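This report refers to the structure that appears directly beneath it.
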Amino acid sequence: MTPAPTDPPAPSGVFAHAEVEGFEQVAFCHHGPSGLRAIVAIHSTALGPALGGTRFRPYATEADAVADVCRLARGMTYKHAVSGLDAGGGKAVILGDPRTLRSEALVRAYARFIDGLGGRYLTAEDVGTTQADMDLIRTETPHVTGVSEGLGGSGDPSPATAWGVACALQALADRLFDGELAHRHVVVSGVGKVGAALVDHLVAAGARVTVADVDPGAVEAVRARHPGVGVADAATAHTVACDVFSPCALGAVLSARTIPALRCAAVCGSANNQLEVPADGVRLVDAGVLYAPDFVVNAGGVINIAEERHPSGVPYDRARAWDRVAGIATTLGRVLDRAAADGTTPAEAADRLAEERIAALAPVARLRTATPGGGTALP
Ligand code: NAD
């Protein structure tokens, strides 16, 4: 059928690539003198400026980098939407090994690249970047979050992320264990910045905790603070009989291979992209395991960061931010209720809630961009 003159043209060429289709903008930056090669993916600014961290790591190919940054940016759109944040979805990657490529010139060139996007993208710390990088970026552009508390920022987001996971675990306890985390057995796989702080909360709540990590030093650091914590092998931690398995290390831990071996009532952890493929959400339901969707559970870091840019302009306040992070318990409750009502998986229910919020608020965003001097204003 011949399209009507008013129909938008179908995407073609590079715009039709599976990774970038539907994205507002994918920007490439090259700065020869410093060796900077970076990509910023802005998936959606319907709810506000695109917020997401800068990942600094080598990629086998540039196509791999594009695929990674787009997958992560899309995920940020959903995370912010379901969490009730006025932020869109974006992400950035710097291609290369930060141990050898990082330099002041490269970070500042990258910061100027971010600045050129005019506030449509707000960056933050991610794998391979540090708070010192964010502080350096701040010297070139205001479009950066998670800078040091001394510079008026919110600092390392990990404690807030861990607090959000703890609140999500409490919400699960309310549903599954009569509200009691005390004496419930939680296996925390990965005790880095988030996992170790989560163990502190769990021990304080009286839970029985087992930890696992590929780094023996990370396990020892936790055991030095909490000698009563048990230890499991990192490769088989998911098979330990427990009430909740909490993945706080890598993604893709829930798969056709691992799900049949789970011996827990629920999964709730900070790791990003825990389902290897979407069908794993159905596998978990079939296995009788309640899955708390990762991007709902681990939103504490971005909720904390969003408080740096409070709409009223008030300075960042940690107590206010952590109160807001505690709202993850309510969000998770809504997601699980919706999954039960729709007869769908928690992961699908979280996606639907996010999409509904974007659809409801996108017209408001269009009004905002239509105002004189508009553009998607910073929150
Ligand atoms: P981190 O690097 O500080 O800690 C990760 C820990 O996992 C390390 O101690 C590492 O040795 C361990 N690990 C690696 N492979 C493992 C394996 N196969 N089994 C067990 N342990 C393993 O990272 P982090 O900041 O604590 O983040 C943990 C996870 O949470 C990541 O998936 C991250 O993307 C996600 N996340 C973190 C934040 C945050 O604020 N830091 C926010 C949202 C999501």
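Just a few scattered comments:
- Here the peptides 284-292, 158-166 are ranked by packing, the mean other Cβ count within 10 Å, and the order with the highest first is 158-166, 284-292.
- Calculated from backbone phi, Karplus (6.51, -1.76, 1.60) coupling profile of the range 76-87 in Hz, x at Gly/Pro: 5, 4, 5, 4, 5, 5, 5, 8, x, 8, 8, 9
- Rounded, prolate or oblate (a/c below 1.5 giving rounded, otherwise prolate when a/b exceeds b/c) for the range 44-156 by Cα gyration tensor: oblate
- Cα gyration tensor shape of the range 175-273, rounded if a/c is under 1.5, else prolate or oblate by comparing a/b with b/c: oblate
- Principal-axis tilt of helix 193-204 within the chain, Cα atoms, nearest 10 degrees: 40 degrees
- Listed residues Val214, Val194, Val335, most fluctuating in the chain (Gaussian network, C-alpha, under 10 Å): Val214
- The charge dipole of the chain, taken about its Cα centre with unit charges on the Cβ of Lys, Arg, Asp and Glu (plus for the first two, minus for the last two), comes to roughly 280 debye.
- Two-decimal log10 I(q)/I(0) for the range 80-122, as the Debye equation yields it once each C-alpha is a single scatterer, q = 0.14, 0.18, 0.27 Å⁻¹: -0.47, -0.67, -0.97
- Under a 5 Å amide H cut-off, with hydrogens placed 1.01 Å from N, Val144 pairs with Thr123 among residues at least 5 apart or on other chains.
- Estimated vicinal HN-Hα couplings, Hz - the range 178-187 in sequence order (Karplus 6.51, -1.76, 1.60; Gly, Pro = x): 6, x, 9, 8, 4, 6, 6, 9, 10, 9
- Dipole magnitude (debye, nearest 20) for the range 204-272, charges at Cβ of Lys, Arg, Asp, Glu: 160 debye
- Amide H contacts for Gly48 (H built 1.01 Å from N in the peptide plane; partners 5 or more residues away or on another chain; cut-off under 5 Å): Gly88.
- Three-way shape call for the range 51-114 based on the alpha-carbon gyration tensor, with the a/c threshold at 1.5: oblate
- Its relative contact order, with pairs defined as Cα atoms under 8 Å and 6+ residues apart, puts the chain at 15 percent.
- Max mean-square fluctuation residue, GNM over the chain, Cα-Cα springs under 10 Å, options Gly116, Gly301, Gly75: Gly116
- Amide proton proximity set for Arg208, modelled H, under 5 Å, gap of 5+: His183, Arg184, His185, Val186
- Inter-part distance where the range 264-315 and the range 144-203 are each reduced to a Cα centre, Å: 12 Å
- Whole-Hz couplings from phi, Karplus 6.51/-1.76/1.60, listed for the range 97-114; x for Gly and Pro: 8, x, 5, 10, 8, 4, 8, 4, 4, 5, 5, 6, 5, 4, 4, 5, 4, 4
- Cα convex hull volume per residue for the chain (Å³): 167 Å³
- Dipole axis of the chain (+1 Lys, Arg; -1 Asp, Glu on Cβ), positive-most option in Val20, Ala41, Ala265: Ala41
Here, each number is a calculation from the coordinates, and none is a lab measurement. Keep in mind the model is a prediction, meaning the values are calculated, not measured. We place every Cβ from the backbone using ideal geometry, glycine too, and count neighbours over all the protein chains shown.
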